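Notes for the one structure printed next.
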Amino acid sequence: MQKHNANRPAVMDLLEHHGGLAPGVSAKVSEETGVPEADIYGVVSFYTLLAKPGVARVCQGISCAMAGSDALADALQAKGEPYEKVSCLGYCDQAPVQIDKDMELTKHGPRGSITPDDPALPINLGGQDDASYSALKAFEGMDPDAFLDQLQGSGLQGRGGAGFPAWIKWKAVRNEPIGTRYVVVNADEGEPGTFKDRETMLRRPHRLIEGLAIACKYVGATTAYIYLRGEFPAPRRALELALAKARPHLGGLDIRLTMGHGAYICGEETALLEAIEGKRGMPRLKPPYPTQVGLFGEPTLINNVETLACVPEIVLRGGDWFKNLGKTEAGSKLYCISGHVEKAGVYELPLGATLNELVQAAGGYVGTPKAFSPGGASSGFLPMEHADTPLDFKGLTKVGSMLGSAGVVVLNDTVDMAAAVRWQQIFFEDESCGQCAPCRIGCRMQRQAIDAFIESGDVASLEHTEDLHWEMEEGSICGLGMVASLPLLTAQKHFPSEFEGS
Amino acid sequence: MTETPTELTLTLDGEQVHAKDGETLLDVCRRAGKEVPTLCAEDRVDPMGSCRMCLVEVEGQRRLQPSCAFKVQAGQVVQTASDKVKRHRQLLLSMYLADHELDEDDLPRERGTGNQLRQHVLDHGTGPKLPAINAPREYRMENNPYIHFDPEACVLCNLCVRYCDEVEAVSAITLAGRGAKTTIATADQKGLLDTTCEMCGGCIAVCPTGAMTEKPSLASDFREEEVVRSTCNFCGVGCQVNLHTQDNKVVRVTSPPAGETVNDGNLCIKGRFSMEFIQHEDRLTQPLVRGDDGALHTTTWENALKVAAQGLMGVKEKYGADSLGFISSSRCTGEENYLLQKLSRAAFGTNNCHQCAAT
Ligand SMILES: Cc1cc2nc3c(=O)[nH]c(=O)nc-3n(C[C@H](O)[C@H](O)[C@H](O)COP(=O)(O)O)c2cc1C
Ligand code: SF4
Ligand code: SF4
Ligand code: SF4
């Protein structure tokens, strides 16, 4: 049991400072914080950047693997340099990538592209970042209910993956009984294929900070947290600079930057809260939802970077304007694209754009496309029959997939589907938090099944994949386990000939 | 003033049942006699909802919900044995089996005082037999005299950790690692003796599978054991103990279930593990008096008390009452301590009396 005045939120930074998982470090951090030593050991062994500090990391995520990241690992191996293979580094547009012990990019392919400057776009990555905070000022002159009408009218759906209407959460937190409340920015972007928040923070950090400030003022929070992926030092620098510049506009609002330490699951909103509190990133049971019981037990609004970055222009130009930017659903959307396309990158298109439209923006396909993932590993694979299906929240769910974080990955016919499935299943096995049995056991089983199939060509290796998927979907605590079998299941469904065995 | 929780009604497997606001579905199921299997639930700690055994179907919810944590609501319609719930239980049990040490019958090995996972498999059946996952568990505890931990029999219900934290307030152990590698560990994998562990053995008591067991009792088969209720006499608290015996020897000590006795399911290191004194050859079992030959001889209680009284009175007469002192054992009850100080003050006339647990 921790001491009454224990400083748990300091645990992670102290662990990093003292060298992570090494004998004696947990004891030292325990002394400094009043958190029991065993608890601290539980934390340090959970986060990969703490459990294995000071080594180079090579990405073996699907886009990097297709771009030949094995060669990077082999080179390090040959040099005898210590390194770790990880299943996502968040630079799929620049595949294949490697980072050094300080998380800085040391090896990468051509830089990704973006949509060129177009002031008609709400985020407009290509534009000059605007530090005037005019939207914040405009918001302050608005009646809160009139603002909510605009937000509701904009149809803005959460951009973190679930597509939940933003206004409902904002209203819920505002309406909680008087008391402390928090706003938390989910900048833990870790879904393989996704790097839009990274670009937003690098290029338009003031958009995010302004959206965040509006959120805080609206719900009545005086402290906000930005939980930033640990492997993102460049966005960190951009945010720190922007925060310093923004300060005079923020009226004393306390915005804290908390770094992640290598755990995809901390992108799940309740695991993220646990991480900020200095604990193992294991998702909480819902209900209660964070809007009621969130950070440190207080009502908390959690939004994705892109969601908040849309807000300033909604304030300035109105809900209808934003809504009408969309095709099948409201607004424009940052789509990430990588894999077998000419110019991987982030493109801001009307929500509901199709794969073919997106690839057109990205300079066309490389080779003959065969399959794609519309929303990262969690969305499984779709065949090219869906190249003209709108990439939106509702429509993709109907075809057994999802838009998720809009991390689109294209695979051409040089890729063997079983190999592609394997990369994704490795990702889920690595990233399951391990607290609930369906996911902890199921993720490993599905990876072993595809491995066994690849090795033996025996279809019997795959005979239980559907049962496992059913149980993981039905019985897991959080979204990770619920979708973790989709790469395997959707590939089996859409590409049966590749799973007939030999 | 405490508010009385409002009564409400819900439908459980087609029948109307009453519940109070704030209760969980598991509370209601238990009261109604429903067989809802659990692994990670235990009344003394907060629900975690992670073992997923107790999931039930709640109308209006997209997925099955953990009854141990899901709160009752008026008008709820709940199913504890629908086809969906049954399929879930069997598949989940199949998965657990693939991550558990099995015996010759492909059932979870029994150890300690039984394995609830095995019982669930027998009660609910399983789905297909799944290949073993051979989880790479890197963390293991070292030796200590009392607590054996077998990661291959652990279902990671986290009860041991939560008990150690929430009930004992000791936090000697933790979940460590991530994903399939997750296991129960100590800081830096030190031996328990080098941690804050108090060897209360509560982690053993709450473990549903026997992955944590009493090391001194490892060789004993719990089905061969007879259970005798007794009162621990190591101190005055009066914890109730169940002495497990085989061939008239105590081989294991457990506590009666939580909620039934003063110790609420808890014991300390002495009550749980110091059982060897009962059969120890040095244990005094009858009164002894030293004879003129300088050796101890068995005698009657009557004589022994007489000899002691004479000796004490002799010292008092020769050297005065304050040359005597009385110290009582921490094993005495409050009443016994009272009597001893009365003996000291009223019978012998000295204030030199003390209790060894008072500092
Ligand atoms: C396994 C998992 C990983 C997630 N990762 C992220 C992430 O990296 N970034 C993010 O914004 N949301 C992520 N989410 C979604 C969040 O839980 C949450 O829905 C989101 O942050 C809410 O913000 P929004 O409403 O603005 O989308 C993830 C969800 C799950 C289940
Ligand atoms: S589904 Fe997976 S990631 Fe989510 S809580 Fe369960 S084990 Fe953890
Ligand atoms: S014996 Fe008691 S103190 Fe030691 S680990 Fe177990 S529960 Fe914690
Ligand atoms: S040792 Fe027992 S109580 Fe602890 S997590 Fe494993 S099964 Fe649960």
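Within the stretch B:294-334, being of a type in the set (D, E, K, R) and either touching a Ser or Thr at 6+ places or on another chain (Cβ under 9 Å) or modelled with pLDDT of 95 or more (or both) holds for B:Glu302, B:Lys306, B:Lys316, B:Glu317, B:Lys318, B:Asp322. When the stretch A:422-441 is examined, which residues are found to be at the interface with chain B (Cβ under 7 Å from one of its Cβ atoms) and either of a type in the set (A, V, I, L, M) or within 16 Å of ligand 4 (Cβ to nearest atom) (or both)? Hits for the stretch A:422-441 are A:Cys433, A:Gly434, A:Gln435, A:Cys436, A:Ala437, A:Arg440, A:Ile441. Hey, among B:Ser94, B:Ser67, B:Ser50, which residue is within 16 Å of B:Ala211 (Cβ to Cβ), of a type in the set (S, T, N, Q) and within 13 Å of another protein chain (Cβ to nearest Cβ)? Exactly one of B:Ser94, B:Ser67, B:Ser50 is within 16 Å of B:Ala211 (Cβ to Cβ), of a type in the set (S, T, N, Q) and within 13 Å of another protein chain (Cβ to nearest Cβ), namely B:Ser50. Given (1) over 26 Å from B:Ala219 (Cβ atoms); (2) touching a strand residue (DSSP E or B) at 6+ places or on another chain (Cβ under 9 Å); (3) assigned to a loop (DSSP other than H, G, I, E, B), where does B:Val56 come up short, assuming only one miss? Among (1) over 26 Å from B:Ala219 (Cβ atoms); (2) touching a strand residue (DSSP E or B) at 6+ places or on another chain (Cβ under 9 Å); (3) assigned to a loop (DSSP other than H, G, I, E, B), B:Val56 violates only (3). Screening A:Gly367, A:Gly404, A:Gly400 for residues that are within 19 Å of the chain's Cα centre (by Cα), part of a loop (DSSP other than H, G, I, E, B) and closer than 25 Å to A:Pro496 by Cβ leaves exactly one candidate, A:Gly404. For the stretch A:477-502, the candidate set comprises residues that are more than 8 Å from chain B (Cβ to nearest Cβ) and not in a helix (DSSP H, G or I); within that set, the residue that is farthest from ligand 2 (Cβ to nearest atom) is A:Ser502. In this structure, B:Asn337 does not satisfy being at pLDDT 95 or above, in contact with a strand residue (DSSP E or B) (Cβ under 7 Å, 6 or more places away or on another chain) and not in a loop (DSSP other than H, G, I, E, B).
Against the conditions (1) within 11 Å of chain A (Cβ to nearest Cβ); (2) of a type in the set (Val, Ile, Thr); (3) within 11 Å of ligand 3 (Cβ to nearest atom), B:Val155 satisfies every one except (3).
Taken together, the residues in the stretch A:280-304 that are among the hydrophobic types (A, V, I, L, M, F, W, C) and more than 28 Å from A:Ser45 (Cα to Cα) amount to 1.
Taken over the stretch A:1-46, residues that are within 8 Å of chain B (Cβ to nearest Cβ) and closer than 21 Å to A:Leu89 by Cα amount to 2. In the stretch B:165-196, the qualifying residues are those that are over 19 Å from B:Met48 (Cα atoms) and either within 16 Å of ligand 1 (Cβ to nearest atom) or in contact (Cβ under 8 Å) with a residue 40 or more places away in the chain (or both), and the one that is nearest to the chain's Cα centre (by Cα) is B:Leu192.
Would you point out the residue of the stretch B:218-241, among those that are buried (at least 17 other Cβ atoms within 10 Å of the Cβ) and either part of a strand (DSSP E or B) or without any contact (Cβ under 8 Å) to a residue 60 or more places away in the chain (or both), that is nearest to ligand 3 (Cβ to nearest atom)? Per the stated criteria, the residue is B:Cys239. The set of residues from the stretch B:108-132 being away from ligand 4 (no atom under 16 Å from the Cβ) and part of a loop (DSSP other than H, G, I, E, B) comprises B:Gly125, B:Thr126, B:Gly127, B:Pro128, B:Lys129, B:Leu130, B:Pro131, B:Ala132.
Within the stretch B:28-53, the set of residues being closer than 18 Å to B:Val85 by Cα and assigned to a helix (DSSP H, G or I) comprises B:Val28, B:Cys29, B:Arg30. The number of residues in the stretch B:70-91 that are in a helix (DSSP H, G or I), more than 10 Å from chain A (Cβ to nearest Cβ) and buried (at least 21 other Cβ atoms within 10 Å of the Cβ) comes to 0. Restricting attention to the stretch A:260-282, the residues that are farther than 19 Å from A:Pro192 by Cα and either within 16 Å of ligand 3 (Cβ to nearest atom) or more than 10 Å from every other protein chain (Cβ to nearest Cβ) (or both) add up to 8. Residues that are assigned to a helix (DSSP H, G or I) and in contact with a Cys (Cβ under 8 Å, 6 or more places away or on another chain) were ranked within the stretch A:190-217; the one that is nearest to ligand 4 (Cβ to nearest atom) is A:Lys196.
In the stretch B:158-210, the residue that is nearest to the other protein chains (Cβ to nearest Cβ) out of those that are within 13 Å of ligand 4 (Cβ to nearest atom), part of a loop (DSSP other than H, G, I, E, B) and among the polar types (S, T, N, Q) is B:Thr182.
Does A:Val86 satisfy the condition of being closer than 20 Å to A:Gly193 by Cα, touching a Phe, Trp or Tyr at 6+ places or on another chain (Cβ under 8 Å) and surrounded by 16 or more Cβ atoms within 10 Å (Cβ to Cβ)? No. Within the stretch B:253-269, does at least one residue satisfy the condition of being part of a strand (DSSP E or B) and either surrounded by 18 or more Cβ atoms within 10 Å (Cβ to Cβ) or β-branched (Val, Ile, Thr) (or both)? Yes; the residues of the stretch B:253-269 include at least one that is part of a strand (DSSP E or B) and either surrounded by 18 or more Cβ atoms within 10 Å (Cβ to Cβ) or β-branched (Val, Ile, Thr) (or both).
Of A:Ala67, A:Ala135, all but one fail to be farther than 21 Å from A:Ile265 by Cα, outside the structural domain of A:Arg422 (by TED's automatic domain parsing) and either free of Cβ contacts under 8 Å to residues at least 60 places away in the same chain or surrounded by 23 or more Cβ atoms within 10 Å (Cβ to Cβ) (or both); the exception is A:Ala67. Mind listing whichever residues of the stretch A:71-119 are small (Gly, Ala, Ser), free of Cβ contacts under 8 Å to residues at least 24 places away in the same chain and either part of a helix (DSSP H, G or I) or in the same structural domain as A:Gly193 (by TED's automatic domain parsing) (or both)? Result: A:Ala73, A:Ala75, A:Ala78.
The values are calculated or read from the model by the stated rules, or taken from the named source; none is laboratory data. Note that the coordinates shown come from a computational prediction; the quantities given were computed from them, not determined experimentally. When we count neighbours, we look across all protein chains shown, and the Cβ atoms used for this are built from the backbone with ideal geometry, even at glycine.
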